[in-house]
Amino acid sequence: MEQLQAQSREQKTGNAVKVLRNEGWVPGIMYGSDMGNKPIQVKGRELDAALRHQSTNKPFRLNVDGNTHDVMVYELQRHPLQGNILHADFKKINMNEKIHTSVPVLMTGDPELGVATLIRHSVEVTCLPGNIPESFLVDVDGLNIGDVVLVSDLNVPPGVDLGLESTEVLISVLPVKAKSEESIDAEQEAEAVAEKAGTANE
């Protein structure tokens with residue numbers, strides 16, 4: 001389980017929050033059923049590093065002013081252009097109580113024919129926080145057009161309950177779309193123009 005160091009902070013807005021971010025901190029909130037909203041701050045570099053090693057659907061250990069809490073990342077707000085984290089919400093959890101979360105579905109390999117398409121990008125699960133899978137990895141090697149991968153085909157660890165019917169389709173192998181006549185004509189015209197330009201420059 002990834003660990004993060006955090007500090008309590010005063011509830012600030014406007015320029016004060018901007019100064020905080022300029023100093024490398026990410027403002028955040030920690031909350032839970034046994035506590036109110038607690039304003040905190042974590043180092044942006046440490047948070048980025050932790051998220052590279054562990055996905056947000058797994059529990060983190062958050063140390064706030066010397067007190068340790070088990071939490072889930074509930075929400076991350078990112079800059080729309082730069083992508084850096086602007087704000088983080090952490091929800092306090094009990095490692096002995098089941099929670100609901102989503103687990104991403106990932107593909108590996110290539111079909112024999114066609115293109116493997118994700119119908120569902122994630123699956124809802126219910127389990128203890130320590131049993132949450134990092135992802136559901138599906139091997140599509142050797143599949144052909146018309147083949148599908150169902151929820152029942154997933155390799156589900158013990159103690160994990162899925163929130164979907166076993167017959168739900170997760171991945172479908174579809175035919176490769178043929179290029180339309182218009183797109184072919186446009187490509188040929190572009191090639192002809194490029195060829196003329198090259199001849200003129202010789």
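When region 114-130 is examined, which residues are found to be farther than 18 Å from S166 by Cα and either surrounded by 15 or more Cβ atoms within 10 Å (Cβ to Cβ) or in contact with a Leu (Cβ under 8 Å, 6 or more places away or on another chain) (or both)?
G114, V115, A116, T117, L128, P129
Filter region 131-175 down to the residues that are part of a helix (DSSP H, G or I) and closer than 30 Å to N94 by Cα and list them by number. Outline the logic, then answer.
Start the filter on region 131-175 by keeping residues that are part of a helix (DSSP H, G or I), which leaves 131, 151-153.
Passing the criteria: N131, V151, S152.
Within region 32-61, can you find the residues that are free of Cβ contacts under 8 Å to residues at least 12 places away in the same chain and among the charged types (D, E, K, R)?
Within region 32-61, just R52 meets the criteria.
Mind checking whether some residue in region 141-152 is in contact with a helix residue (DSSP H, G or I) (Cβ under 8 Å, 6 or more places away or on another chain), among the hydrophobic types (A, V, I, L, M, F, W, C), modelled with pLDDT of 95 or more and not assigned by TED's automatic domain parsing to the domain that holds F60? Can you show your working first?
Restricting attention to region 141-152, the residues satisfying the condition of being in contact with a helix residue (DSSP H, G or I) (Cβ under 8 Å, 6 or more places away or on another chain) are none.
No: region 141-152 contains no residue that is in contact with a helix residue (DSSP H, G or I) (Cβ under 8 Å, 6 or more places away or on another chain), among the hydrophobic types (A, V, I, L, M, F, W, C), modelled with pLDDT of 95 or more and not assigned by TED's automatic domain parsing to the domain that holds F60.
Quickly run through region 101-113 and pick out the residues that are touching a residue at least 60 places away in the same chain (Cβ under 8 Å) and either more than 24 Å from E165 (Cα to Cα) or out of contact with any strand residue (DSSP E or B) (no Cβ under 8 Å at 6 or more places or on another chain) (or both). Spell out how you get there, then give the answer.
Let us first name the residues in region 101-113 that are touching a residue at least 60 places away in the same chain (Cβ under 8 Å), namely 105, 107, 111, 113.
Within region 101-113, P111, L113 qualify.
Filter region 37-60 down to the residues that are among the charged types (D, E, K, R) and surrounded by 15 or more Cβ atoms within 10 Å (Cβ to Cβ), then identify the one that is farthest from V105 (Cα to Cα).
Applying the first criterion (among the charged types (D, E, K, R)) to region 37-60 yields 38, 43, 45-46, 48, 52, 58.
From what's left, surrounded by 15 or more Cβ atoms within 10 Å (Cβ to Cβ): 38, 43, 46, 58.
On the way: K38: 33, K43: 30, E46: 27, K58: 15 Å.
It comes out as K38.
Could you identify the single residue in K58, K91, K98 that is within 28 Å of L170 (Cα to Cα), in contact with a strand residue (DSSP E or B) (Cβ under 6 Å, 6 or more places away or on another chain) and among the basic types (K, R)? Talk me through it step by step, then tell me what you get.
Details: K58 fails: in contact with a strand residue (DSSP E or B) (Cβ under 6 Å, 6 or more places away or on another chain); K91 fails: within 28 Å of L170 (Cα to Cα).
Within the list K58, K91, K98, the selection yields K98.
The values are calculated or read from the model by the stated rules, or taken from the named source; none is laboratory data. This is a predicted model, so every value here is computed, not measured. Counting neighbours? That spans all protein chains shown, and the Cβs are built from the backbone with ideal geometry, glycine included.
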